[in-house]
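*Asks:* Attaching a single structure in structure tokens format; questions to follow.
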Number of protein chains: 2
Amino acid sequence: MTPGFSLSAALRMQHFAAWTRATGHRFVRELGAGTLDDRVLARYLVQDYAFVEALASLVGLAVARAPTMAGKRLFARFAAVLTSDENTYFERCFASLGVTEAERTSPVLWLESQRFLDLLGAAGEGGYADILSVLLPAEWIYLDWGEAEAVDPPSRFEHAEWVALHAGPAFSGFVAGLAREFDAATAGLDAAGLDRVAHRFGAMVELEGAFFDAAYR
Amino acid sequence: MTPGFSLSAALRMQHFAAWTRATGHRFVRELGAGTLDDRVLARYLVQDYAFVEALASLVGLAVARAPTMAGKRLFARFAAVLTSDENTYFERCFASLGVTEAERTSPVLWLESQRFLDLLGAAGEGGYADILSVLLPAEWIYLDWGEAEAVDPPSRFEHAEWVALHAGPAFSGFVAGLAREFDAATAGLDAAGLDRVAHRFGAMVELEGAFFDAAYR
């Protein structure tokens with residue numbers, strides 16, 4: 001590996017236009033300002049919740065496949081947050097926003113949501129580097145906008161907690177660890193393996209912006 | 001399922017002689033009394049540590065395969081403990097007991113340790129019920145002796161923390177949840193599947209006692 005070069009940083013730069021389209025999206029700016037339409041937030045949360053179990057499963061596979069105890073610890077802690085604090089955030093939002101049981105448990109999936117499910121599922125069929133190639137861009141993009149909006153946080157819990165879950169030392173430490181694991185795991189890949197993780201990484205970055213768009217559709 | 005009957009309770013009763021051989025073993029009684037020979041404890045911890053990564057991996061697979069968010073949360077929290085508090089307990093014991101780096105990282109495995117690795121690996125190749133069939137007896141036996149020894153706990157951290165990690169509301173809540181998940185997951189199994197989980201459960205119970213024996217060998 002060339003000094004100063006990391007694959008994670010290079011891939012982020014390569015997809016920087018799509019990256020900033022997601023991190024500066026109207027959705028996150030309105031969420032941070034506390035001006036987001038409740039119907040837009042409800043639509044977004046229902047779709048997001050439809051793949052949060054698949055995300056938790058993929059993080060469980062990361063615990064299983066991480067080659068070191070430090071890697072297993074990183075993902076075990078994230079899985080614990082995802083299945084507790086983050087899960088109750090969804091439940092409380094659904095109650096406060098008046099989302100019905102039927103909408104929560106059997107929503108009509110957007111194409112973008114199905115695409116997330118497909119990417120998460122395909123990554124879980126691969127090795128550790130494949131899993132990281134979808135988790136890293138998703139969590140890193142959320143950290144970038146989360147940190148920006150946490151400077152002057154909104155007041156309603158529906159907005160404030162979604163910002164707080166994606167900012168601060170615990171979450172930024174997790175994303176830094178995720179990037180380290182990704183760079184270490186991809187160091188041993190051949191050209192075909194590198195091509196596969198780079199492709200998945202890019203597909204996730206594009207999808208994050210498209211998913212925010214869909215909330216307004 | 002017959003009212004009042006649960007497969008977890010039935011399997012525990014079926015293997016009760018081997019169960020109490022483990023839970024009342026000289027090893028745990030001496031650990032609880034604070035009279036355990038340091039060389040015996042060091043031998044045990046080195047071997048146990050040799051499959052703690054495999055155990056963490058299997059718990060990660062349980063997060064991935066649990067069919068509900070509640071099940072994923074149960075195992076995510078356990079994986080977090082296993083990879084943090086429990087992991088540092090081993091590291092501090094190795095330092096205090098003078099276990100060398102070579103003994104920690106590349107021990108000569110006992111046959112019993114290899115058998116644990118084989119059982120954990122085979123369970124991970126199966127479904128959720130297969131995973132639970134090895135986790136449940138292992139953790140439940142540890143809870144049974146942990147609770148007994150926690151009544152009058154030993155003073156040295158090498159003894160006290162190993163007892164405390166396997167007693168108290170958090171750990172007993174985890175084992176109760178594990179039993180519920182096991183009973184629910186096995187309810188849908190056919191005869192061959194039931195036979196497989198019952199066999200694995202019994203093999204784990206036998207192995208726990210044999211593992212304690214080996215520490216004195």
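The values are calculated or read from the model by the stated rules, or taken from the named source; none is laboratory data. All of these numbers come straight from a predicted model, not from anything done at the bench. Neighbour counts run over all protein chains shown; Cβ positions are idealised from the backbone, glycine included. Side chains are part of the model used for accessible areas, which takes the heavy atoms of the whole protein and leaves out ligands, DNA and RNA. Shrake-Rupley method; radii C 1.70, N 1.55, O 1.52, S 1.80 Å.
*Asks:* If you scan the range B:72-95, which residues turn out to be more than 13 Å from B:LEU55 (Cβ to Cβ) and either hydrophobic (A, V, I, L, M, F, W, C) or out of contact with any Phe, Trp or Tyr (no Cβ under 8 Å at 6 or more places or on another chain) (or both)? Walk me through it before giving the result.
*Replies:* Initially, the range B:72-95 is screened for residues more than 13 Å from B:LEU55 (Cβ to Cβ), giving B:72-74, B:76-77, B:80, B:84-85, B:88-89, B:91-95.
Listed by number, the residues that qualify are B:LYS72, B:ARG73, B:LEU74, B:ALA76, B:ALA80, B:SER84, B:ASP85, B:THR88, B:GLU91, B:CYS93, B:PHE94, B:ALA95.
*Asks:* Tell me which residues, restricted to the range A:91-106, are farther than 24 Å from A:LEU165 by Cα and open to solvent by less than 60 Å² (accessible area, probe 1.4 Å).
*Replies:* Of everything in the range A:91-106, nothing turns out to be farther than 24 Å from A:LEU165 by Cα and open to solvent by less than 60 Å² (accessible area, probe 1.4 Å).
*Asks:* In the list A:PRO154, A:PRO107, which residue meets the criterion of being over 30 Å from A:PHE16 (Cα atoms) and either away from every other protein chain (no Cβ under 14 Å) or in a loop (DSSP other than H, G, I, E, B) (or both)?
*Replies:* So the residue among A:PRO154, A:PRO107 that is over 30 Å from A:PHE16 (Cα atoms) and either away from every other protein chain (no Cβ under 14 Å) or in a loop (DSSP other than H, G, I, E, B) (or both) is A:PRO107.
*Asks:* Looking only at residues in the range B:39-90 that are open to solvent by 10 Å² or more (accessible area, probe 1.4 Å) and not in a helix (DSSP H, G or I), which one is nearest to the other protein chains (Cβ to nearest Cβ)?
*Replies:* B:SER84
*Asks:* Got a number for residues in the range A:113-141 being more than 14 Å from chain B (Cβ to nearest Cβ), open to solvent by 30 Å² or more (accessible area, probe 1.4 Å) and in contact (Cβ under 8 Å) with a residue 40 or more places away in the chain?
*Replies:* Residues flagged as more than 14 Å from chain B (Cβ to nearest Cβ), open to solvent by 30 Å² or more (accessible area, probe 1.4 Å) and in contact (Cβ under 8 Å) with a residue 40 or more places away in the chain within the range A:113-141 amount to 4.
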